Amino acid sequence: FTESEWKSVWRIVTRKKLPKTPPPLVKFIPVLAELGGYNNRNSDTPPGPKPLWIAIRRMHDFAQAWEVFHTDEE
């Protein structure tokens with residue numbers, strides 16, 4: 001994932017400060033899938049293709065907005 005993709009998704013979904021390094025895929029994929037309707041509960045199975053597909057489409061919009069509007073101020 002590009003910097004603007006993972007950072008925008010992380011801030012929107014978790015509402016936490018950005019980590020210093022990108023999160024590992026095993027941690028990021030469920031966060032990303034939440035944009036597609038995945039609930040990310042402990043008892044849930046891993047996200048399937050439909051929520052991931054929806055999430056990736058949304059991620060591209062958020063990443064574009066991140067690139068245009070984001071400042072270096074956190």
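The values are calculated or read from the model by the stated rules, or taken from the named source; none is laboratory data. As the structure is a computational prediction, the values presented were derived from the model and not from experiment. No Cβ is skipped: glycine too gets one built from the backbone with ideal geometry, and neighbour counts run over all protein chains shown. Areas reflect the complete protein model, heavy atoms only, side chains present, ligands, DNA and RNA absent. Shrake-Rupley method; radii C 1.70, N 1.55, O 1.52, S 1.80 Å.
At-a-glance table
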quantity: Any hit, the range 20-30, residues being exposed (fewer than 13 other Cβ atoms within 10 Å of the Cβ), touching a helix residue (DSSP H, G or I) at 6+ places or on another chain (Cβ under 9 Å) and not aliphatic (A, V, I, L, M); calculated: no
quantity: Neighbours by Cβ (under 7 Å, 6+ apart or cross-chain): first from the range 1-27, outside any helix (DSSP H, G or I); second among the basic types (Lys, Arg); calculated: 18/7; 18/11
quantity: Selection count, the range 31-44, where residues are open to solvent by 90 Å² or more (accessible area, probe 1.4 Å) and either touching a residue at least 24 places away in the same chain (Cβ under 8 Å) or outside any loop (DSSP other than H, G, I, E, B) (or both); calculated: 0
